[in-house]
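Just below is one structure, and these are the notes that go with it.
Here, each number is a calculation from the coordinates, and none is a lab measurement. Remember, predicted model here, so these are calculated numbers, not experimental data. Every residue, glycine among them, receives a Cβ derived from its backbone with ideal geometry; neighbour counts consider all protein chains shown.
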Amino acid sequence: MADTTAEERATASISDELRRKAESRDWPLPVVAAALQAGVDEALIHEALDAGLTPAEARQVILKRLSGVEKLSMKWARVDTERGIRARPGKKGLTIDDINVGSYADVPDVWPDQTMRPRGSYVKPGTVSMGYTIYAKAEVWADNVGSLYEEAIQRRWAPATDIPWETIAPLSEDRERAMGQLCTALCEYNYMVILALGKWIREVSFGYHEVKLYLSTVLFDAARHFEAFRKRALCNGGRLGVQGVGWQLAPIRDALCYSEMAALVFVLNDSFVQSLYQLGGALGHNEAEARLFTLAAQDKARHLSYGVEHMRYLLEHQPERREEVRRYLQKGEEYLAKDFADDPSSREALAILLGGGLEHIGEGFQKLKTFRARQIQSYLDRVEAAGLDHRGTIWPALAAHQSV
């Protein structure tokens, strides 16, 4: 009688629901009671019962838990991170800039943390290093990077469905080949951007997550442009053209630091590519081409905006690098001028498109001279907007194209 009374007292803490479930599955009530007294959550016992464990398995699992269980300390919830934050949506919803509030808005000039720790979270000792090499904010930052990320997400488009490919009508052989050659050159350039960003995104530490997120959208844009222009080359009975000489791509591939790559891609080459997108939109033979080039130019405008703002931020915070940045640009200009000189396929294709056909190629070459001068002017305007006076130091062979 005494043992029975003791067992009843021991199992009195078991709820009626848990008791009924344990008895229906032939679980020993004293084991259940011991588990509850040791701090095992009742919900976990319900889960074990629902899983169909036998009494023997119940003893093994629960007793094993009892032998090594530690009372919950909740240490992880008592770390020194800012609480009480209330990020409020703005007119454009809850943007990435809207959540930069309190201490979470602090973007340090140097972020040496080698881990994937989100900015503002607790530093956990002993976390595995990820091997980042870029820790300086000035090397990658632009004040507009958050808004550019949001724009890229909101204005995304799909070449398969957002381009009215059915509006493309047959063109003359010469104009179709010229368009195919232009698309080939644009595919090559966007593929190089994919390779370059794939290399550099991983090097940026997570303290500057806005930059990493935005660059991911640029990488996706480049992939989309590669896809779209390849589709245009192949959707109208045409073909891909001749591979370019690739001079302009070599400095991008060989860039030794992030800021060199950014100057070459997001300021120099993107400026010239943007002019090609704008030209394609103006000369489009059909609604599909006009839409394709216009959407690509819309994306490219974001890339250029980042490039200009990044260069401005770099020069404002590390003015001693002004001549270094100038040399990056001159190096890219030298190779771009070599491309202009050594790539007759792109030169002649543009002349055919500008002239309106092979029979007007002479007029097309005259228009190409004007187009080149306009390309250089737009590029220099952007460099000046970034805070670098470069009109008198542009590479001579490229400057020669300024005179019409």
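Beyond 21 Å in Cα-Cα separation lie the following of the pairs Lys212/Lys300; Lys338/Lys369; Lys300/Lys367; Lys231/Lys300: Lys300/Lys367.
Rounded to the nearest 10 degrees, the inclination of helix 209-234 to the longest alpha-carbon principal axis of the chain is 50 degrees.
Taking only DSSP H segments of four or more residues, each worth -39500 (n - 2.57), what value at 222 nm results for the chain once the sum is divided by all its residues, to the nearest 500 deg cm²/dmol?
On the way: 18 runs with 239 residues, N = 404.
Rounded to the nearest 500, it is -19000 deg cm²/dmol.
A cut-off under 13 angstrom between Cβ atoms defines the neighbours of Val140, and their net charge, with Lys, Arg +1 and Asp, Glu -1, is -4. Helix 322-342 and the longest principal axis of the Cα set of the chain meet at an angle near 60°.
Given contacts defined as C-alpha pairs under 8 Å and at least six residues apart, what's the relative contact order of the chain, whole-number percent?
Working: 487 pairs, mean separation 60.9, N = 404.
The value is 15 percent.
For the range 284-293, the Karplus equation 6.51 cos²θ - 1.76 cosθ + 1.60, evaluated at θ = phi - 60°, returns couplings of x, 7, 7, 5, 4, 5, 4, 5, 4, 5 Hz by residue, with Gly and Pro reported as x.
Can you tell me how much longer the chain between Ala43 and Ala87 gets when fully stretched, taken as 0.36 nm per residue apart minus their C-alpha distance, in nm with one decimal?
Details: separation 44, 0.36 × 44 = 15.84 nm, distance 3.36 nm.
Contour length minus the Cα-Cα distance gives 12.5 nm.
Seen against the Cα atoms of the chain and their longest principal axis, helix 361-385 is set at about 50 degrees.
The phi-based Karplus calculation (6.51 cos²θ - 1.76 cosθ + 1.60; θ = phi - 60°) puts the 3J(HN,Hα) values of the range 181-192 at 5, 4, 5, 4, 4, 5, 4, 4, 5, 5, 5, 5 Hz, whole numbers, x for Gly and Pro.
Placing +1 on the Cβ of every Lys and Arg and -1 on the Cβ of every Asp and Glu, with no other charges, gives the chain a dipole of roughly 200 debye about its Cα centre. Within the set of other residues whose C-beta is less than 12 Å from the C-beta of Glu176, count the net charge using Lys and Arg as +1 and Asp and Glu as -1. Once positives and negatives cancel, what remains is +1.
What ranking, highest mean first, results for peptides 191-198, 319-326 when packing means the other Cβ atoms within 10 Å averaged over each residue?
Numbers: 191-198: 17.9, 319-326: 13.5.
Going by the mean number of other Cβ atoms within 10 Å, highest first, we get 191-198, 319-326.
The radius of gyration of the Cα set in the chain, together with its Dmax, comes out at 31.6, 114 angstrom.
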